């Protein structure tokens, strides 16, 4: 004999397994991010432009789409930049990619008094990369705005700010990256 009326299933018996599947199904390994270098690339009278080199790797078995970087670059004695940069790249399974992100910092008028122009200047980057978890469920949760994982990273090193040989304003040095040394850390 068939039961009459609707078949009632306790809500908690359905929701708990569904939540567990959603949480576990959207997981994947985050990208590994290494700041390999930072370097000054150009300068105006009032600001300097920098590039930060990042190496990202994917230890997972599926493509790892990246969305954006959010980061801050601090150059000792010069200043700090905070910003975002669209990643719009995908790291293949077991693969590595190189990414270059920009930063610009206003130069203080008293830079020559703040920084020893004959010594290396320290820089530090801190930030995070937002990525999409692997699999169909990861894509759905990302697109719906439910799960947007971010993996944090940091790195540091040095480069040299060089005083111009002959300039109308010798107190405002040119910036050069020749002879720079770099270190990185996670």
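Throughout, read-outs are computed from the coordinates displayed, never taken from laboratory work. Please read these numbers as outputs of a predicted model, since none were measured by experiment. In this analysis, Cβ positions are derived from the backbone assuming ideal geometry, glycine residues included, and neighbour counts consider all displayed protein chains.
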**OP:** Enter the Cα centre distance for the pair the stretch 63-87 and the stretch 91-137, rounded to the nearest angstrom.
**Re:** 5 Å
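Work out how much length residue 118 to residue 36 would gain on full extension: take 0.36 nm times their residue separation and subtract the Cα-Cα distance, in nm to one decimal.
Numbers: separation 82, 0.36 × 82 = 29.52 nm, distance 2.31 nm.
The span from residue 118 to residue 36 would gain 27.2 nm if fully extended.
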**OP:** Set the Förster distance to 25 Å, then compute FRET efficiency between residue 63 and residue 98 from the Cβ-Cβ distance, nearest 0.05.
**Re:** 0.90
